[in-house]
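Worksheet for the structure shown next.
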Amino acid sequence: MANQVIKCKAAVAWEAGKPLSIEEVEVAPPKAHEVRIKIIATAVCHTDAYTLSGADPEGSFPVILGHEGAGIVESVGEGVTTLKAGDTVIPLYIPQCGECKFCLNPKTNLCQKIRVTQGKGLMPDGTSRFTCKGKTILHYMGTSTFSEYTVVADISVAKIDPLAPLDKVCLLGCGISTGYGAAVNTAKVEPGSTCAVFGLGGVGLAVIMGCKVAGASRIIGVDINKDKFARAKEFGASECINPQDFSKPIQEVLVEMTDGGVDYSFECIGNVKVMRAALEACHKGWGVSVVVGVAASGEEIATRPFQLVTGRTWKGTAFGGWKSVESVPKLVSEYMSKKIKVDEFVTHNLPFDQINEAFELMHAGKR
């Protein structure tokens, strides 16, 4: 099918607030420096749901959502030298061009090469490769993994071990990598340190895993859903607490529990009040708090400046700080050698036409 339009199934978001619709779409062949991928497995993420809800200021419709996927390269466009048909890959919502000043700076992973067009739901040349019922369908986060075939920029693809199980490693396209990297790259958790993780969903569990790999001696999980505590302990949490069980603010509880506060805290929800609590739960003088969760548009964070004057640091992270093209294959290798968990994050396997049920399970906290 190289150089030909492929007809396949995709879950189309026609408008905000409505369920996804399984449709037949046309996927155009890749243009220069583009790659067409047959998606074998995809996961659902709260970010997809956020855009679908209509709250995302960058959200445009109709669109094919999805950014945690894995598949096989079907064909490549002109000028693509790093990939070929048959390669096993993970599409990347943060690319790595290797040339922009962000890629050349070791302090960040935020490649800006295609940021403007990606934010508009378009390929780098300003057009889309998807059509359905005669209408142009937009791309999402440069990946659009809710389609049996997708087209992405060649700088937005990580070539991985062909033996990796794609229904598992697709999760390394966002959630697991984000949480794990927040601990080992952004916070740089040290052996013997004390950590608190706010929000025990998939990203929070990945943070716990990262803290454990880094050698933290005490990892406190924080969530209002106590049903998540057993799982958090399986990933390495030493104890878990529910803020609703206390009459005082959770940051005060944590400061008392840890003789002055934790060394590292992580907010994995996207709630600005919890971001403040996470910072204020940090130890005076050296505590570091990392914002991992993405808050809704227009939200602002607040704390008393004295919290920062007295030595706490507030940081943020996107995709765990990993430079994507070079790092994701290494993460797959770490999984294959059992250094990091991935299988344990998978709670359900559903056929593609039940994708709306997958979102319902996620919202119910059962993912």
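Details
- Ligands, DNA and RNA excluded, the heavy atoms of Trp14 present near 70 Å² of accessible surface to a 1.4 Å solvent probe.
- GNM flexibility winner over the chain from Gln307, Gln244, Gln118 (Cα, springs under 10 Å): Gln244
- Cross-linked pairs Lys18/Lys120; Lys9/Lys341; Lys31/Lys101: Cα-Cα separations exceed 27 Å for Lys9/Lys341.
- With protein chains left intact and a 1.4 Å probe, residues in region 218-276 average 50 Å² of accessible area per residue.
- Solvent-accessible area of Met141 with every protein chain in place, 1.4 Å probe, in Å² to the nearest 10: 40
- Listed residues Ile176, Ile40 arranged by accessible area, highest first, probe 1.4 Å: Ile40, Ile176
- Two-site label geometry, Lys9 and Phe246: point separation in nm, points 7 Å out along Cα→Cβ: 4.7
- These residues, Ile6, Ile301, go from largest to smallest accessible area, 1.4 Å probe, as Ile301, Ile6.
- Remark: spin-label model distance Lys315-Lys133 equals 4.7 nm, labels positioned 7 Å along the Cα→Cβ axis.
- With K and R counted +1 and D and E -1, the other residues having a Cβ less than 12 Å from that of Ala295 yield a net charge of -2.
- Relative contact order [Cα under 8 Å, 6+ residues apart], the chain, whole percent: 16
- For region 248-327: rounded, prolate or oblate by the Cα gyration tensor [a/c cutoff 1.5]: prolate
- Per-residue accessible area (protein heavy atoms, 1.4 Å probe) orders His33, His67 as His33, His67, starting from the largest.
- Shape category assigned to region 1-104 from the gyration tensor of Cα positions, a/c cut at 1.5: oblate
- Those aspartates and glutamates that a straight Cα-Cα span of less than 15 Å connects to Lys84, excepting residues fewer than 8 apart in one chain: Glu34, Glu74, Asp154, Asp161
- The DSSP beta bridges internal to the chain are antiparallel in roughly 60% of cases.
- Under 12 Å, Cβ to Cβ, from Phe102 - net charge with Lys/Arg +1 and Asp/Glu -1: +4
- Using the 1.4 Å probe convention, the accessible area of region 1-60 works out to 47 Å² per residue with neighbouring protein chains retained.
- Computed [θ] at 222 nm, deg cm²/dmol, the chain (DSSP H ≥ 4; -39,500 (n - 2.57); rounded to nearest 500): -6500 deg cm²/dmol
- For region 142-218: rounded, prolate or oblate by the Cα gyration tensor [a/c cutoff 1.5]: prolate
- Fraction of accessible area attributable to carbon and sulfur, the chain (%, probe 1.4 Å): 53
- The local environment of Lys31, defined by Cβ-Cβ distances under 13 Å, has a net charge of -2 under the rule Lys, Arg +1 and Asp, Glu -1.
- The chain: most fluctuating residue of Ala196, Ala216, Ala295 per GNM, C-alpha cutoff 10 Å: Ala295
- Under 13 Å from the Lys338 label point (7 Å along Cα→beta-carbon), backbone N, region 231-272: none
- Listed by chain and number, the lysines whose C-alpha is less than 26 Å from the C-alpha of Lys248, apart from same-chain residues fewer than 8 away, are Lys226, Lys228, Lys233, Lys273, Lys284, Lys315.
- Rg and Dmax of region 102-168, Cα atoms only, in Å: 14.3, 45
- Computing FRET efficiency as 1/(1 + (r/R0)^6) for Phe306 and Ala55, where r is the C-beta to C-beta distance and R0 is 51 Å, gives about 0.95.
- Distance between the modelled labels on Ile22 and Asp227, one decimal in nanometres: 2.6 nm (7 Å Cα→Cβ projection).
- When the alpha carbon gyration tensor of region 304-366 is reduced to an equivalent ellipsoid, its three semi-axes come out at 33, 22, 12 angstrom, largest first.
The values are calculated or read from the model by the stated rules, or taken from the named source; none is laboratory data. These numbers were taken from a predicted model, which means no experiment stands behind them. As a convention, Cβ positions derive from the backbone with ideal geometry for all residues, glycine included, and neighbour counts pool all protein chains shown. The area values use the complete protein model at the heavy-atom level, side chains included, leaving out ligands, DNA and RNA. Shrake-Rupley method; radii C 1.70, N 1.55, O 1.52, S 1.80 Å.
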